[in-house]
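Note sheet for the following structure.
What follows draws every value from the coordinates through simple rules; no lab data is involved. All values reported here derive from a predicted model rather than from experimental measurement. No Cβ is skipped: glycine too gets one built from the backbone with ideal geometry, and neighbour counts run over all protein chains shown.
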Amino acid sequence: MSNSNQTNTSSKSVGAGLLVAITASLCCITPVFATLAGIGGIASSFSWMEPFRPYLIGLTILVLGFAWYQKLRPRTQEEIDCACDEDERPSFWQSKKFLGIVTVFAVLMLAFPSYSGIFFSDNSNADKIIVVKENDILNAELSIKGMTCTGCEHSVNAALNNSEGVLEASSSYESGIATVKFDQTKVSVDQLATNVEEATGYKVTDKKVID
């Protein structure tokens, strides 16, 4: 393989690795930024991709691994002679530095669910003094379809904690359940479900008051 062909192959690998990494993270990134942008209706748009995420992560690792192999493997004498003849000097976009930047960016994309909470302010009401009659406090569970990662949890929690009358709220994408403690004189279970659907785009399939 000539030095030119090697460079082209490496460049294509870098681009493909970056594209796959972004694709693998869409199901986690979209809910967070859609919620922050106030267009929560599209938050669940890429939730269908979650089952494919492990495969896309594996593909990203393979593609970027191949790109690094192409960059780091010793060149043959023929490739060295060819590079000298053509006086080739790789541009920044074909350099190890750029590949390193792409690799770091890809890792950040793939790890997005683990740090997505930093994009949300602490909306918890736990430290706020709220006067409410004990008899008016209810606990409810919302069954939510579409949550696929911790980024989805943060979006749902934000929607609930921003609702008037909510005292505490938490959710789990693994169980698909959100629990919320609220003042029934200020908000209803039905309104909480509506707030979640409007803010996140996820579907509330069931809602009930629990003891």
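I want the local charge near Asn195. Using Cβ-Cβ distances under 12 Å, sum +1 for each Lys or Arg and -1 for each Asp or Glu among the other residues.
Overall, the nearby charge balance is -3.
Return the lysines within reach of Lys12: Cα separation strictly under 24 angstrom, same-chain partners fewer than 8 residues apart disregarded; answer none if there are no such residues.
Lys71, Lys96, Lys97
In terms of Cα to Cα distance under 21 Å, which lysines are near enough to Lys186, apart from those fewer than 8 places away along the same chain?
Lys128, Lys133, Lys207, Lys208
Around Val156, under 14 Å between beta carbons, what's the net of Lys plus Arg minus Asp minus Glu among the other residues?
-3
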